[in-house]
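Engineer: This is the structure I have questions about; it appears just below.
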Amino acid sequence: GRLGTEGESQPVKTERGDYTGFYRLLVAALDSGGAPPVDPKDAVATLEIVEAARGSHALRQVMCLQSV
């Protein structure tokens, strides 16, 4: 992928996901009552970024995020 601002970007290495490991940790957290593998606040922040990216594409304009 690429990451940057208008007029300037640079390549960023794409990391391979590990859904099997994620769900293994999620099951363990649900069974034990422990912490989930991803902080819910981080999950919400990620969704806000994805929605801003989709909106940016649809409207063909830069979207500003308040806080992430």
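Engineer: Would the stretch 18-28 turn up any residue that is out of contact with any Ser or Thr (no Cβ under 6 Å at 6 or more places or on another chain), open to solvent by less than 90 Å² (accessible area, probe 1.4 Å), modelled with pLDDT of 95 or more and not hydrophobic (A, V, I, L, M, F, W, C)?
Structural biologist: yes
Engineer: If a residue has to be surrounded by 10 or more Cβ atoms within 10 Å (Cβ to Cβ) and polar (S, T, N, Q) to count, how many in the stretch 30-68 make the cut?
Structural biologist: So the answer is 2.
Engineer: If you check Val12 against the conditions, is it over 20 Å from Cys64 (Cβ atoms), open to solvent by less than 80 Å² (accessible area, probe 1.4 Å) and β-branched (Val, Ile, Thr)?
Structural biologist: Yes.
Engineer: Ok, one more. How many residues are of a type in the set (Val, Ile, Thr) and either touching a strand residue (DSSP E or B) at 6+ places or on another chain (Cβ under 8 Å) or over 24 Å from Cys64 (Cα atoms) (or both) when one looks only at the stretch 15-47?
Structural biologist: The total comes to 3.
The values are calculated or read from the model by the stated rules, or taken from the named source; none is laboratory data. Everything quoted here is computed from the prediction, not taken from an experiment. So basically every Cβ, Gly included, is an ideal-geometry build from the backbone, and we count neighbours across all protein chains shown. Remember, those area values only see protein heavy atoms, side chains included, never the ligands or the DNA or RNA. Shrake-Rupley method; radii C 1.70, N 1.55, O 1.52, S 1.80 Å.
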